[in-house]
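Working notes for the structure below.
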Amino acid sequence: MNAEVIAVGSELLLGQIANTNGQYVSRRLAEAGISVYRHTVVGDNENRLREAAEEAGRRADIVIFSGGLGPTSDDLTRDALARELNRSLIIHPPSLEQIEAFMKDKGKTVSAANERQAYILEGADPFVNRAGLACGMAVTEGDTLYLLLPGPPHELKRMIDADVIPYLSAKGWAAGSIVSRELKFFGIGESALHDSLAVMIEEQKNPTAAPLASEGEVALRLTARGDSVLQAEQMLDGLESKLPPEMKKLIYGKNDVSLAAAAVERLKQTASTVAVAESLTGGGVLEALTSIPGASSVVKGGAVTYQTEAKQNNLEVSEEIIHKHGVISAACAEAMAENVRKMYGASFGIALTGVAGPTPQEGEPAGKFYIGVASADGTTSTQFMEPGSRERVRLMATKHACHQLLKV
């Protein structure tokens, strides 16, 4: 089975809100063994909605609409599909009773606009909205199943979980499971990853492997279709085991794990603590680490020493180091790391100093920075060069710092 998802709302096209519904629908359909081939966004226009419905209906087994079922004049999904399929709109009594009860509790009567939320297409199977008022529905036309779902994310998610997935299973539309797993890499580019795993990527049919790039990182998405989630997971385990040892070493986490989360987990596993001294990142590393639940058990604290005087006064970076090497130097990063470690009594001190840009500093180019790491065993530093905007340099410096903590 294959599906298409049509998100409805001019606010989506204007960029005023993100289409998080599409992501959730795709994930839940994949778990039910249904492949989503296309996502479409359509504004609040009846003609364009009808065109989208007709085009998707020719291609897909299942067409899912999200949004356009509310009480206002620009909620046009049910009306557009009713005209496209030549169906009448009829009241769904349980939904109307729900709306009436809701309005009565507020001391109001049901307006004609609110009553519209109880309408369904003739011959549709209704889905009562457990988290709102607009009724959802399933309509079969020929070989195509149309599903109309409310737009508010909490309403859509509840209806997908409580009604749509059980409905698809009961009707025989759902069969098996599609499971994906993302292996997260740092320190290797998308093309290099592809070249290293070219045979696996190109020859695998089920499960499959595909590289995905994001800002400064790359992931390898493994996807398997099986009779059950367990079988699909076992297929992914088998494919993952075929990765070369040198590639496995570059994996820092899976799925939604971030570099910061991996760093915090690493510190927990080794019963270690860290203190952070930052210059060009301006607190970004501490923000990333402390955003992770449980970080308080491993993050001691830190200091943002943006100006040279702050490095001298707060972190006791010597005049000699600054005069001889400058603040954009390995020696400065190492001194900052050593002194912030002592200041907080942490297992490790990590420090960053460099040029975020856009202009050079001390004769050093934008994008150049150093990360120092201090421990009881000694102090090291690493030089990095990241091109791009000021925001990207700061982001990449933060990611490199978290990655350095994975190595301690």
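The values are calculated or read from the model by the stated rules, or taken from the named source; none is laboratory data. Every value quoted in this text rests on a predicted model; they were computed, and no experiment measured them. Using ideal geometry, Cβ is built from the backbone for each residue, glycine included, and neighbour counts are taken over all protein chains shown.
Okay, here's what the table says:
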read-out	value
Members of segment 110-140 that are assigned to a loop (DSSP other than H, G, I, E, B) and hydroxyl-bearing (Ser, Thr, Tyr)	111
Candidate set from segment 305-357 (those that are among the small types (Gly, Ala, Ser) and more than 18 Å from residue 382 (Cβ to Cβ)); member that is surrounded by the most Cβ atoms within 10 Å (Cβ to Cβ)	346
Check on residue 156, touching a strand residue (DSSP E or B) at 6+ places or on another chain (Cβ under 7 Å), under 15 Å from residue 67 (Cβ atoms) and either outside the structural domain of residue 65 (by TED's automatic domain parsing) or not hydroxyl-bearing (Ser, Thr, Tyr) (or both)	yes
Filtered residue count, segment 35-59, keeping only those that are crowded, with 23+ Cβ neighbours inside 10 Å and either modelled with pLDDT under 95 or outside any helix (DSSP H, G or I) (or both)	1
Residue check, residue 302 under 18 Å from residue 352 (Cβ atoms), crowded, with 17+ Cβ neighbours inside 10 Å and either under 27 Å from the mean Cα position of the chain (by Cα) or not aliphatic (A, V, I, L, M) (or both)	yes
Members of segment 323-337 found to be more than 16 Å from residue 401 (Cβ to Cβ), in contact with a helix residue (DSSP H, G or I) (Cβ under 9 Å, 6 or more places away or on another chain) and in a helix (DSSP H, G or I), listed by number	324, 325, 331, 335
Number of the condition not met by residue 27 [criteria: (1) surrounded by fewer than 16 Cβ atoms within 10 Å (Cβ to Cβ); (2) at pLDDT 95 or above; (3) among the basic types (Lys, Arg)]	(2)
Test: residue in segment 288-300 that is closer than 16 Å to residue 372 by Cα and outside any loop (DSSP other than H, G, I, E, B)	no
Selection within segment 237-274 - part of a helix (DSSP H, G or I) and under 21 Å from the mean Cα position of the chain (by Cα)	259, 260, 261, 262, 263, 264, 265
Any chance residue 320 is under 26 Å from residue 270 (Cβ atoms), not assigned by TED's automatic domain parsing to the domain that holds residue 216 and not in a strand (DSSP E or B)	no
Residues that are farther than 25 Å from residue 314 by Cβ and either touching a Phe, Trp or Tyr at 6+ places or on another chain (Cβ under 7 Å) or not assigned by TED's automatic domain parsing to the domain that holds residue 376 (or both), drawn from segment 262-302	262
Hey, residue 141 in contact with a strand residue (DSSP E or B) (Cβ under 8 Å, 6 or more places away or on another chain) and surrounded by fewer than 18 Cβ atoms within 10 Å (Cβ to Cβ) or not	no
Of the criteria (1) of a type in the set (D, E, K, R); (2) more than 30 Å from residue 269 (Cβ to Cβ); (3) touching a residue at least 60 places away in the same chain (Cβ under 8 Å), which one residue 311 fails	(3)
Scan of segment 202-217 for residues that are modelled with pLDDT of 90 or more, more than 22 Å from the chain's Cα centre (by Cα) and buried (at least 17 other Cβ atoms within 10 Å of the Cβ), ordered by number	207
Positions within segment 73-109 being at pLDDT below 95, in a loop (DSSP other than H, G, I, E, B) and either touching a helix residue (DSSP H, G or I) at 6+ places or on another chain (Cβ under 7 Å) or of a type in the set (Lys, Arg) (or both), in sequence order	106, 108, 109
Where residue 341 falls short, out of the listed (1) free of Cβ contacts under 8 Å to residues at least 12 places away in the same chain; (2) part of a helix (DSSP H, G or I)	(1)
Any hit, segment 10-27, residues being in contact (Cβ under 8 Å) with a residue 40 or more places away in the chain, of a type in the set (Phe, Trp, Tyr) and either part of a loop (DSSP other than H, G, I, E, B) or more than 22 Å from residue 120 (Cβ to Cβ) (or both)	yes
Residue check for residue 163: assigned by TED's automatic domain parsing to the domain that holds residue 55, surrounded by 17 or more Cβ atoms within 10 Å (Cβ to Cβ) and out of contact with any Ser or Thr (no Cβ under 6 Å at 6 or more places or on another chain)	yes
Residue ranges of helices (runs of 4 or more DSSP H) in segment 154-220 with at least 1 members closer than 25 Å to residue 19 by Cβ and hydroxyl-bearing (Ser, Thr, Tyr)	165-170
